[in-house]
Amino acid sequence: MPRQGSANALSSASLHARAWAQIYELIDLQLSPLGLRAIESLSLRLGDGVLDVGCGAGQTLLQLAERVGTGGRVIGVDVAPLLLEIAKRRIGSLGQVGLIEADAQALNLPPGSMDAVFSRFGVMGFADPVAAFANFRGILKPSGRLAFCCWRSLAENELDRFPLSAAGVQTEVDHTPFSLADPDHIRRSLETAGFSKIAIESHNQKVSCGDVDATMKVLLKVGALGKIIRENPGLRANVEPRLRKALAAMDDP
C-alpha cells in the first residue's frame, strides 16, 4: 500500500507540473501582484542573498534578482524538473541566480548564508511545516527575514470557490493549498521554528490572467477545479460550458 500511495502522489505532482508548464505565462499574470506584495515586505537591498522556495517557472527569480542586483545572490529551489528547465531558460545569463532541484524542507545550505527567504505559494505542501521553517531559519543570518504568501481558506478564495461552484463538480477538493489558512497555525509554526517579530496580514486583491479564454485555460488546468479536471478528464466536457457561461456573465476582467 505505501508504494501505491507514493505512485499516486508522484502522478499527481507530475500532472500538476505539466499543466503549470503549459500555461506558466498566464499564471504569472495572475499571481505576480500577490507575490510582489510579499517581496516588497522583505525590503531587499543590493547585494542580498535570497532563497526562493518553490520558484516554479522562474518569474519570481527575475523579480528578486532585479532587487538584489548583480552583486547579490538568488537561489531557486523546486521539486519539479520540468518547471526548473523553464526557469533556467528564463534566467538566461543572470550570473547571480542559481537553481536547485530538491524538497525545500530538507534543503542543505550553509547555516547563516542567506539574508532572506521568500515564497510565492510554495510553502503549503510541507509534510512537517515546523521542520521546514526551522530549516529556513537555520539557513538565514541572525538578522534574516522570511516573507511568503499563502492562500486563506477555500471559503475566502473566490479564485477557487467560484469555478468550483460554476462547474457544479461534486468531488472532494484537495485542501493542501489551504493548509496554512489559519493565522494562529502559521504563528505557532513559525515561533516553534525559531522566528520572532511575526506579522501576518490578510490581503484581498483582484487578479486576472486575461480574457475569458485565457481564464478558462488556467482554471481548467490549475487551482482547485484544475486539479479535479487533471485527474478526472472525463468531467471536462460537462464542466467547460458551465464555467465559460459563468465567467462571461461576470463581465469583469
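Tabulated values for the structure
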{"item": "Test: residue in region 135-150 that is of a type in the set (A, V, I, L, M, F, W, C) and more than 23 Å from residue 35 (Cβ to Cβ)", "result": "no"}
{"item": "Those helices (runs of 4 or more DSSP H) lying entirely in region 168-253 with at least 3 residues over 26 Å from residue 12 (Cα atoms)", "result": "183-192, 236-250"}
{"item": "Answer residue from region 20-57, given it is touching a residue at least 40 places away in the same chain (Cβ under 8 Å) and on the phi > 0 side of the Ramachandran plot and is least open to solvent (accessible area, probe 1.4 Å) among those", "result": "56"}
{"item": "Per-region count, region 75-93, residues open to solvent by less than 30 Å² (accessible area, probe 1.4 Å) and either under 17 Å from the mean Cα position of the chain (by Cα) or hydroxyl-bearing (Ser, Thr, Tyr) (or both)", "result": "9"}
{"item": "Subset of region 126-142 that is modelled with pLDDT of 95 or more and among the small types (Gly, Ala, Ser) - its residue that is surrounded by the fewest Cβ atoms within 10 Å (Cβ to Cβ)", "result": "131"}
{"item": "Filter pass, residue 214 being more than 21 Å from residue 28 (Cα to Cα) and in contact (Cβ under 8 Å) with a residue 24 or more places away in the chain", "result": "no"}
{"item": "Total residues in region 186-232, condition over 27 Å from residue 249 (Cβ atoms) and open to solvent by 50 Å² or more (accessible area, probe 1.4 Å)", "result": "11"}
{"item": "Test: residue 218 is out of contact with any Cys (no Cβ under 9 Å at 6 or more places or on another chain) and not basic (Lys, Arg)", "result": "no"}
{"item": "Subset of region 50-109 [aliphatic (A, V, I, L, M), more than 21 Å from residue 146 (Cβ to Cβ) and at pLDDT below 95]", "result": "none"}
{"item": "Residue count, region 1-44 (criterion: over 22 Å from residue 176 (Cβ atoms) and either modelled with pLDDT under 95 or among the acidic types (Asp, Glu) (or both))", "result": "2"}
{"item": "Residue pairs meeting the criteria (Cβ under 7 Å; at least 6 apart or on separate chains; first farther than 12 Å from residue 129 by Cβ, in region 181-193; second polar (S, T, N, Q))", "result": "181/153"}
{"item": "Qualifying residue in region 105-116 (condition: in contact with a Gly (Cβ under 7 Å, 6 or more places away or on another chain), open to solvent by less than 30 Å² (accessible area, probe 1.4 Å) and closer than 29 Å to residue 22 by Cβ)", "result": "no"}
{"item": "All strands (runs of 3 or more DSSP E) inside region 1-103 with 2 or more residues being in contact with a Phe, Trp or Tyr (Cβ under 9 Å, 6 or more places away or on another chain)", "result": "49-53"}
{"item": "Among residues of region 143-185, those that are β-branched (Val, Ile, Thr) and either buried (at least 19 other Cβ atoms within 10 Å of the Cβ) or more than 20 Å from the chain's Cα centre (by Cα) (or both), counted", "result": "2"}
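The values are calculated or read from the model by the stated rules, or taken from the named source; none is laboratory data. This is a predicted model, so every value here is computed, not measured. Counting neighbours? That spans all protein chains shown, and the Cβs are built from the backbone with ideal geometry, glycine included. The accessibility values were calculated without ligands, DNA or RNA, using every heavy atom of the protein model including side chains. Shrake-Rupley method; radii C 1.70, N 1.55, O 1.52, S 1.80 Å.
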